[in-house]
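Notes to accompany the following structure.
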Amino acid sequence: MRQVGLIAGAAAVALVAAGAITYAVAEDGGGSANSSTPTAGSADAGFARDMAVHHQQAVEMSYIVRDRTKNVEVRRLAYDIAQTQANQRGMLLGWLDLWNLPKVSADPPMTWMGMGDMASGKDGALMPGMATNTELKKLNSLSGKPAEVFFLQLMTDHHKGGIHMAEGCVEKCTVGVEKRLAQGMVDAQQSEIQLMADMLKERGAKARS
């Protein structure tokens, strides 16, 4: 599938640019001496913390399906997602280090968006779009086409939740480079949602919602 290859190329470009983006944030709201450094309760810090957690699960799901199917297209997509989101997660946690801010908070996830009551955390789903522990266990139990379908459905939901948070950062974050990264997440994940819809259709399935 040609579009998977295009996304793989975009992921490679993102990885090359990562170092520049990480260092740029130090000049755009990073560094403890900068008066514009985000606070622990800011949208910038909240997004960095929450999206790091959100991304970690996407990486986990991608590695699970990689070992549950031999389909080249699904494995390539999973690899692209895992590499891109692991890289972005490192950047988000790195920014928290630059800002001398904690990587965890006593506040519920998405409090920075005014939506701290959106997810109960029941069965491990800490934020909207995240898979439950039961769903991850099910993915681990499947193989072949059923694993591919379930992964694509879970990741579609996951991307929708991630896009919602990234759009929140675009609106509320103050650090320019973080806002640009968030917009890049929106654009890339919307493209991947369309790709996954096509891949599901090829398998006689569709997204769950």
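The table that follows gives values for the structure above.
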{"quantity": "Matching residues, the stretch 70-107, being part of a helix (DSSP H, G or I) and of a type in the set (Phe, Trp, Tyr)", "calculated": "Tyr79, Trp95"}
{"quantity": "Test: Ala131 is open to solvent by less than 20 Å² (accessible area, probe 1.4 Å), closer than 15 Å to Met61 by Cβ and touching a residue at least 12 places away in the same chain (Cβ under 8 Å)", "calculated": "yes"}
{"quantity": "Considering residues of the stretch 164-180 that are surrounded by fewer than 20 Cβ atoms within 10 Å (Cβ to Cβ) and part of a helix (DSSP H, G or I) only, the residue nearest to the chain's Cα centre (by Cα)", "calculated": "His164"}
{"quantity": "Failed criterion for Gly29 (all others in (1) at positive phi; (2) at pLDDT 95 or above hold)", "calculated": "(2)"}
{"quantity": "Neighbours by Cβ (under 7 Å, 6+ apart or cross-chain): first from the stretch 139-152, within 15 Å of Leu200 (Cα to Cα); second basic (Lys, Arg)", "calculated": "Lys145/Arg203; Ala147/Arg68; Glu148/Arg203; Val149/Arg203; Phe150/Lys138"}
{"quantity": "Test: residue in the stretch 112-126 that is loosely packed, with under 15 Cβ neighbours inside 10 Å, without any contact (Cβ under 8 Å) to a residue 12 or more places away in the chain, part of a helix (DSSP H, G or I) and within 19 Å of the chain's Cα centre (by Cα)", "calculated": "no"}
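The values are calculated or read from the model by the stated rules, or taken from the named source; none is laboratory data. All values reported here derive from a predicted model rather than from experimental measurement. Glycine also receives a Cβ, built like all others from the backbone with ideal geometry; neighbour counts cover every protein chain displayed. When the accessible area is computed, the model is the full protein with side chains, heavy atoms only, and any ligands, DNA or RNA have been set aside. Shrake-Rupley method; radii C 1.70, N 1.55, O 1.52, S 1.80 Å.
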